[in-house]
1. Take VAL67 and decide whether it is open to solvent by less than 30 Å² (accessible area, probe 1.4 Å), under 16 Å from PHE172 (Cβ atoms) and aliphatic (A, V, I, L, M).
2. What residue, of ASP63, ASP42, ASP48, is modelled with pLDDT under 95 and out of contact with any helix residue (DSSP H, G or I) (no Cβ under 6 Å at 6 or more places or on another chain)?
3. Please go through region 152-167 and give me each residue that is exposed (fewer than 14 other Cβ atoms within 10 Å of the Cβ) and part of a loop (DSSP other than H, G, I, E, B), ordered by number.
4. Would you confirm whether any residue within region 74-84 is of a type in the set (S, T, N, Q) and open to solvent by less than 10 Å² (accessible area, probe 1.4 Å)?
5. Taking region 110-151, which residues are assigned to a helix (DSSP H, G or I) and of a type in the set (Ser, Thr, Tyr)?
6. Among all residue pairs at least 6 apart or on different chains, which show Cβ distances below 6 Å where the first residue, located in region 52-65, is free of Cβ contacts under 8 Å to residues at least 40 places away in the same chain and the second is open to solvent by less than 40 Å² (accessible area, probe 1.4 Å) and part of a loop (DSSP other than H, G, I, E, B)?
7. Out of the residues in region 171-193 meeting the condition of being of a type in the set (A, V, I, L, M, F, W, C) and under 16 Å from the mean Cα position of the chain (by Cα), tell me which one is surrounded by the fewest Cβ atoms within 10 Å (Cβ to Cβ).
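The values are calculated or read from the model by the stated rules, or taken from the named source; none is laboratory data. Computed from a predicted model, the values in this text were never measured in an experiment. Every residue, glycine among them, receives a Cβ derived from its backbone with ideal geometry; neighbour counts consider all protein chains shown. What goes into the accessible areas is simple: the full protein's heavy atoms, side chains included, and nothing from ligands, DNA or RNA. Shrake-Rupley method; radii C 1.70, N 1.55, O 1.52, S 1.80 Å.
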Amino acid sequence: MKKIIIAHGWSGSPDEPMLKWIREQMQSSGYEVIAPHMPHPDTPTIEDWVFALGEATGEVNEDTYFVGHSVGCQNVIRFIETLPADKKVGGVLLIAPWFYLTLENLDEDEDPEIAKPWIETPIDFAKVSTHTNKVSAIFSDDDPYVPVEENKNILEEKLGAKTLVMHEMGHFTESDNIENLPEATQLLKEMIE
(Lines give C-alpha, C1' and ligand atoms only; values in the text may rest on other atoms or scores of the structure.)
Protein backbone atom coordinates (compact mmCIF):
# COMPACT_ATOMS: atom_id res chain seq x y z
CA MET A 1 0.00 0.00 0.00
CA LYS A 2 1.17 3.51 -0.77
CA LYS A 3 2.08 5.40 2.39
CA ILE A 4 2.12 9.20 2.79
CA ILE A 5 3.89 10.91 5.69
CA ILE A 6 2.95 14.54 6.43
CA ALA A 7 5.45 16.69 8.36
CA HIS A 8 4.15 19.92 9.88
CA GLY A 9 6.21 23.05 10.50
CA TRP A 10 7.50 25.21 13.34
CA SER A 11 4.80 25.83 15.99
CA GLY A 12 2.55 23.74 13.77
CA SER A 13 0.50 20.60 14.08
CA PRO A 14 -0.84 17.88 11.80
CA ASP A 15 -4.30 19.25 12.58
CA GLU A 16 -3.77 22.61 10.88
CA PRO A 17 -6.66 22.98 8.40
CA MET A 18 -4.64 22.59 5.18
CA LEU A 19 -2.61 19.60 6.41
CA LYS A 20 -5.70 17.94 7.86
CA TRP A 21 -7.52 18.49 4.55
CA ILE A 22 -4.63 16.92 2.57
CA ARG A 23 -4.59 13.97 4.99
CA GLU A 24 -8.36 13.41 4.68
CA GLN A 25 -8.32 13.74 0.87
CA MET A 26 -5.52 11.20 0.50
CA GLN A 27 -7.11 8.80 3.01
CA SER A 28 -10.40 8.95 1.13
CA SER A 29 -8.45 8.10 -2.05
CA GLY A 30 -7.29 4.90 -0.37
CA TYR A 31 -3.80 5.83 0.83
CA GLU A 32 -2.36 5.18 4.28
CA VAL A 33 -1.50 8.58 5.76
CA ILE A 34 0.69 9.16 8.81
CA ALA A 35 0.77 12.69 10.23
CA PRO A 36 2.85 12.71 13.41
CA HIS A 37 3.08 15.49 15.99
CA MET A 38 6.71 16.57 16.12
CA PRO A 39 8.24 16.95 19.59
CA HIS A 40 8.42 20.46 21.11
CA PRO A 41 6.96 22.16 18.00
CA ASP A 42 7.73 25.67 19.29
CA THR A 43 11.45 24.86 19.58
CA PRO A 44 12.22 22.51 16.68
CA THR A 45 15.66 20.89 16.59
CA ILE A 46 17.06 18.98 13.63
CA GLU A 47 18.13 15.95 15.66
CA ASP A 48 14.83 15.47 17.52
CA TRP A 49 12.63 16.16 14.53
CA VAL A 50 14.51 13.92 12.11
CA PHE A 51 14.50 11.13 14.70
CA ALA A 52 10.76 11.55 15.39
CA LEU A 53 9.95 11.57 11.67
CA GLY A 54 11.95 8.36 11.21
CA GLU A 55 10.16 6.69 14.12
CA ALA A 56 6.75 7.65 12.73
CA THR A 57 7.66 6.61 9.18
CA GLY A 58 9.13 3.18 9.89
CA GLU A 59 10.45 1.26 6.88
CA VAL A 60 10.65 3.27 3.67
CA ASN A 61 10.42 2.08 0.09
CA GLU A 62 9.28 3.35 -3.28
CA ASP A 63 5.68 3.28 -2.04
CA THR A 64 6.55 5.89 0.63
CA TYR A 65 5.79 9.55 -0.11
CA PHE A 66 6.40 12.64 1.98
CA VAL A 67 4.64 15.99 2.32
CA GLY A 68 6.31 18.77 4.27
CA HIS A 69 5.21 22.27 5.22
CA SER A 70 7.68 25.08 6.00
CA VAL A 71 10.47 23.73 8.25
CA GLY A 72 8.73 20.36 7.93
CA CYS A 73 10.14 20.36 4.37
CA GLN A 74 13.64 20.53 5.78
CA ASN A 75 12.74 17.80 8.25
CA VAL A 76 11.69 15.55 5.35
CA ILE A 77 14.78 16.29 3.24
CA ARG A 78 17.13 15.89 6.22
CA PHE A 79 15.48 12.56 7.10
CA ILE A 80 15.85 11.33 3.50
CA GLU A 81 19.51 12.39 3.64
CA THR A 82 20.03 9.86 6.49
CA LEU A 83 18.66 6.87 4.57
CA PRO A 84 20.94 3.93 3.73
CA ALA A 85 22.29 3.96 0.15
CA ASP A 86 19.94 1.19 -1.04
CA LYS A 87 16.72 2.89 0.14
CA LYS A 88 14.49 4.86 -2.21
CA VAL A 89 11.27 6.76 -1.56
CA GLY A 90 8.48 7.36 -4.06
CA GLY A 91 8.53 11.14 -3.92
CA VAL A 92 8.38 14.36 -1.95
CA LEU A 93 5.97 17.29 -2.00
CA LEU A 94 7.19 20.47 -0.29
CA ILE A 95 4.81 23.31 0.61
CA ALA A 96 6.37 26.72 1.45
CA PRO A 97 9.83 25.14 1.69
CA TRP A 98 12.89 27.07 2.79
CA PHE A 99 16.48 26.02 2.55
CA TYR A 100 17.74 29.57 2.16
CA LEU A 101 16.53 32.06 4.76
CA THR A 102 17.82 35.16 6.48
CA LEU A 103 17.04 35.97 10.08
CA GLU A 104 15.00 38.94 8.81
CA ASN A 105 12.56 36.42 7.30
CA LEU A 106 11.58 35.09 10.73
CA ASP A 107 8.28 35.88 12.40
CA GLU A 108 8.69 38.20 15.38
CA ASP A 109 7.97 35.35 17.83
CA GLU A 110 10.48 32.95 16.24
CA ASP A 111 13.82 32.78 18.03
CA PRO A 112 16.82 33.25 15.69
CA GLU A 113 18.82 30.82 17.85
CA ILE A 114 16.30 28.06 17.02
CA ALA A 115 16.39 28.93 13.31
CA LYS A 116 20.19 29.15 12.97
CA PRO A 117 20.95 25.39 12.90
CA TRP A 118 18.23 24.89 10.25
CA ILE A 119 19.72 27.74 8.20
CA GLU A 120 23.41 26.93 8.73
CA THR A 121 23.63 23.09 8.83
CA PRO A 122 24.40 21.99 5.27
CA ILE A 123 22.33 19.40 3.43
CA ASP A 124 23.92 16.95 0.98
CA PHE A 125 21.38 17.44 -1.82
CA ALA A 126 23.34 15.09 -4.09
CA LYS A 127 22.82 12.29 -1.55
CA VAL A 128 19.13 13.20 -1.17
CA SER A 129 18.68 12.98 -4.94
CA THR A 130 19.94 9.37 -4.92
CA HIS A 131 16.90 8.43 -2.80
CA THR A 132 14.18 9.95 -5.01
CA ASN A 133 13.83 11.58 -8.39
CA LYS A 134 10.34 12.94 -7.78
CA VAL A 135 10.29 16.25 -5.93
CA SER A 136 7.63 18.94 -6.28
CA ALA A 137 7.41 22.24 -4.42
CA ILE A 138 4.63 24.79 -4.01
CA PHE A 139 5.42 28.42 -3.18
CA SER A 140 3.35 31.57 -2.79
CA ASP A 141 4.39 34.87 -4.36
CA ASP A 142 3.53 36.75 -1.15
CA ASP A 143 5.01 34.38 1.45
CA PRO A 144 6.31 36.71 4.19
CA TYR A 145 8.90 34.19 5.41
CA VAL A 146 10.18 32.32 2.37
CA PRO A 147 12.37 34.06 -0.25
CA VAL A 148 10.71 32.38 -3.23
CA GLU A 149 13.26 32.81 -6.04
CA GLU A 150 16.24 31.65 -3.96
CA ASN A 151 14.44 28.58 -2.63
CA LYS A 152 12.83 27.73 -5.97
CA ASN A 153 16.26 27.86 -7.63
CA ILE A 154 17.87 25.65 -4.96
CA LEU A 155 15.20 22.96 -5.38
CA GLU A 156 15.16 23.08 -9.18
CA GLU A 157 18.96 23.01 -9.48
CA LYS A 158 19.84 20.59 -6.70
CA LEU A 159 16.86 18.19 -6.74
CA GLY A 160 15.35 18.71 -10.18
CA ALA A 161 12.14 19.78 -8.48
CA LYS A 162 8.96 20.61 -10.35
CA THR A 163 7.90 23.96 -8.85
CA LEU A 164 4.64 25.87 -8.73
CA VAL A 165 4.33 29.49 -7.56
CA MET A 166 0.81 30.35 -6.47
CA HIS A 167 -0.67 33.82 -6.06
CA GLU A 168 -1.40 35.39 -2.65
CA MET A 169 -1.45 32.22 -0.52
CA GLY A 170 0.88 33.62 2.16
CA HIS A 171 2.63 30.84 4.08
CA PHE A 172 -0.28 28.42 3.45
CA THR A 173 -1.49 28.65 7.05
CA GLU A 174 -4.79 29.08 8.84
CA SER A 175 -3.97 32.78 9.43
CA ASP A 176 -3.69 33.10 5.62
CA ASN A 177 -7.20 31.56 5.39
CA ILE A 178 -5.83 28.48 3.63
CA GLU A 179 -8.00 25.52 4.56
CA ASN A 180 -7.39 23.31 1.54
CA LEU A 181 -4.90 23.01 -1.28
CA PRO A 182 -6.19 20.98 -4.24
CA GLU A 183 -2.94 21.68 -6.12
CA ALA A 184 -1.08 19.70 -3.43
CA THR A 185 -3.26 16.60 -3.69
CA GLN A 186 -3.15 16.82 -7.50
CA LEU A 187 0.69 16.97 -7.52
CA LEU A 188 0.84 14.12 -5.00
CA LYS A 189 -1.49 11.92 -7.04
CA GLU A 190 0.46 12.65 -10.23
CA MET A 191 3.64 11.63 -8.42
CA ILE A 192 2.09 8.40 -7.10
CA GLU A 193 0.35 7.35 -10.30
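1. Here the answer is yes, as VAL67 does meet what is asked.
2. ASP42 is the lone residue from the list that is modelled with pLDDT under 95 and out of contact with any helix residue (DSSP H, G or I) (no Cβ under 6 Å at 6 or more places or on another chain).
3. Matches in region 152-167: GLY160, HIS167.
4. If we filter region 74-84 for residues that are of a type in the set (S, T, N, Q), which is where we start, we get 74-75, 82.
If we keep only those that are open to solvent by less than 10 Å² (accessible area, probe 1.4 Å) too, we end up with 74-75.
So far as region 74-84 goes, yes, one or more of its residues are of a type in the set (S, T, N, Q) and open to solvent by less than 10 Å² (accessible area, probe 1.4 Å).
5. We begin by selecting, within region 110-151, every residue assigned to a helix (DSSP H, G or I); these are 112-120, 125-129, 148-151.
The answer is SER129, and nothing else.
6. That search, which allows pairs on different chains as well, returns ALA52/MET38; VAL60/VAL89; GLU62/GLY90.
7. MET191
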